[in-house]
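Data block below; observations after.
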Amino acid sequence: MTITLSAVLTVLVVVAHPDDEVLFGGFMHSLTHQLNASVDLICVTNGEGGFKHAGIAESFYDNIKLREETIGRTHLPRIRQKELMGSGRIVGI
């Protein structure tokens, strides 16, 4: 099915945490690649509070002890921003 829009479709996706955007990856990819829509994304937090659940990520990031609160809160915002920008490039935002 082909959908033709006479105006530019603009969508705002709001998520609580960086990495929550993956829940809408297919949706955002379809909007940007099939409908030429403009998609903006807002993350309410920067991911620093996820240190308690960052055990798996430690092995991907030089075994930085991300589960330790001070270390996690220091490094996770940078890591999550990099991941978010990468996923954004893939889905077209």
When the stretch 4-50 is checked residue by residue, the ones that are within 16 Å of E83 (Cα to Cα), surrounded by 13 or more Cβ atoms within 10 Å (Cβ to Cβ) and β-branched (V, I, T) are V15, V22, T45
Output for Cβ contacts, cut-off 7 Å, separation at least six or different chains, first residue touching a residue at least 24 places away in the same chain (Cβ under 8 Å) in the stretch 7-22, second among the acidic types (D, E), reads L12/D40; V13/E21; V15/E21; P18/E83; D19/E83
Among helices (runs of 4 or more DSSP H) entirely inside the chain, those with 1 or more residues being in contact with a strand residue (DSSP E or B) (Cβ under 9 Å, 6 or more places away or on another chain), at negative phi and at pLDDT 90 or above are 25-34, 69-91
Filter the stretch 51-86 for residues that are crowded, with 17+ Cβ neighbours inside 10 Å and under 10 Å from the mean Cα position of the chain (by Cα); the one that is nearest to S30 (Cα to Cα) is L84
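The values are calculated or read from the model by the stated rules, or taken from the named source; none is laboratory data. Model, not experiment: these values are computed from the prediction. Every residue, glycine among them, receives a Cβ derived from its backbone with ideal geometry; neighbour counts consider all protein chains shown.
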